[in-house]
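Here the structure is laid out as structure tokens; the discussion comes afterwards.
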Amino acid sequence: MQDLLSKLIKKNLPFTKDGNVANYIPELDKAKKDALGICIIDNEGNQYCAGDCDTKFTVQSISKIVTLMLAILDNGEEYVFSKVGMEPTGDPFNSIRKLETSRRKKPYNPMINAGAIAVCSMIKGSDAREKFHRLLDFFRLISEDETLDVNYKIYCGESETGNRNRSMGYFLKGEGIIEGDVEDALTVYFKQCSIEVTAYTIAKIGLFLANNGKLSTGEQVVTPRIATIVKTLMVTCGTYDSSGEVAVRVGIPCKSGVGGGVVAVVPGRLGIGVYGPSLDPRGNSIAGLHVLEDLSNELKLSIF
Ligand code: GLN
């Protein structure tokens, strides 16, 4: 496995020349464009890493799957999906247009920004601070890493530049989708995007989902039903308006973020984290998806 991973990183390194690192915040623009790494963990605890797997990056949209699990634990499936749908949009992750034209006026799914902001509003807590602390604790629990924390420079940048997200939050508040304080929901959203991880951290989250919501200790933290919902939405919506293509090319549940990470799940078997900050126009790691595609072909991982 180790040799295979090293070979795949080397082979796909040229793809890091394509695309661009996210630059809507100066701090994100500092990422090394040619970084590329992968980490795989199996359910016997074996770990295999190659390339830049210790590099820290912000989790960004990958956080959406974690918040969704906690929101369902806090409120139940029925309530959460009365406020946010389960359908792909085919639009960019930060698109606003379907919010108003959708008959139901609820965001199409929890993996686009509008849906994720609505999900943030459902995390229980008296204010943004308590809500976020509960979320960070949950993040630490499922990644089995007590040291996870927010990169405050990036959080400030997210908040300063997040006016499009803010506009969606206020729209959703106007429609009654967001019930509590809209600024609290936005603070939780900006902070969750700014949590710092490595390819290893997201592989652990992937493994948690692969094991249907169980930690390596055997402790069941979320129900298998919640894990199934999240994995299904990762397949249909996890890489936004590339989700169909990624399902064909990679064939396993994936969730990307503009920090350059992609988490992938092989149900019952593996958690995979890849990192490559150079993104395609849709916000997905170009080289990272190539590595996942090759890995899937080599090991016959497609669930289809
Ligand atoms: N912070 C980013 C945003 O809200 C996260 C989006 C992403 O990773 N696709 O625009």
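The values are calculated or read from the model by the stated rules, or taken from the named source; none is laboratory data. The structure presented is a predicted model; accordingly, all values stated were derived computationally and were not measured. Cβ coordinates were reconstructed from backbone atoms using ideal geometry, including for glycine residues, and neighbour counts include every protein chain displayed.
Below, the figures for the structure above:
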quantity	calculated
Some residue of region 108-117 being of a type in the set (F, W, Y), within 16 Å of the ligand (Cβ to nearest atom), outside the structural domain of K255 (by TED's automatic domain parsing) and assigned to a helix (DSSP H, G or I)	no
Evaluation of E27 against (1) within 16 Å of the ligand (Cβ to nearest atom); (2) in contact with a Pro (Cβ under 9 Å, 6 or more places away or on another chain); (3) in the same structural domain as T239 (by TED's automatic domain parsing) (one fails), failing number	(2)
Residue that is farthest from P107 (Cα to Cα) [pool: residues in region 158-191 that are assigned to a helix (DSSP H, G or I) and small (G, A, S)]	S159
Count of region 121-131 residues which are over 16 Å from L233 (Cβ atoms) and surrounded by 18 or more Cβ atoms within 10 Å (Cβ to Cβ)	4
Helices (runs of 4 or more DSSP H) completely within region 1-96 that count 1 or more residues being within 24 Å of E196 (Cα to Cα) and either of a type in the set (D, E, K, R) or in contact with a Lys or Arg (Cβ under 7 Å, 6 or more places away or on another chain) (or both)	63-75
V80 vs. criteria touching an Asp or Glu at 6+ places or on another chain (Cβ under 9 Å) and within 16 Å of the ligand (Cβ to nearest atom)	no
Residue among R134, R166 that alone is within 15 Å of the ligand (Cβ to nearest atom), of a type in the set (K, R), at pLDDT 95 or above and surrounded by fewer than 20 Cβ atoms within 10 Å (Cβ to Cβ)	R166
Every residue from region 30-61 that is within 14 Å of the ligand (Cβ to nearest atom) and either surrounded by fewer than 13 Cβ atoms within 10 Å (Cβ to Cβ) or not aromatic (F, W, Y) (or both)	A31, T58, V59, Q60, S61
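Conditions tested, residue by residue: (1) at pLDDT 95 or above; (2) over 30 Å from H133 (Cβ atoms).
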position	(1), (2)
P14	yes, yes
D34	yes, yes
G37	yes, no
E44	no, yes
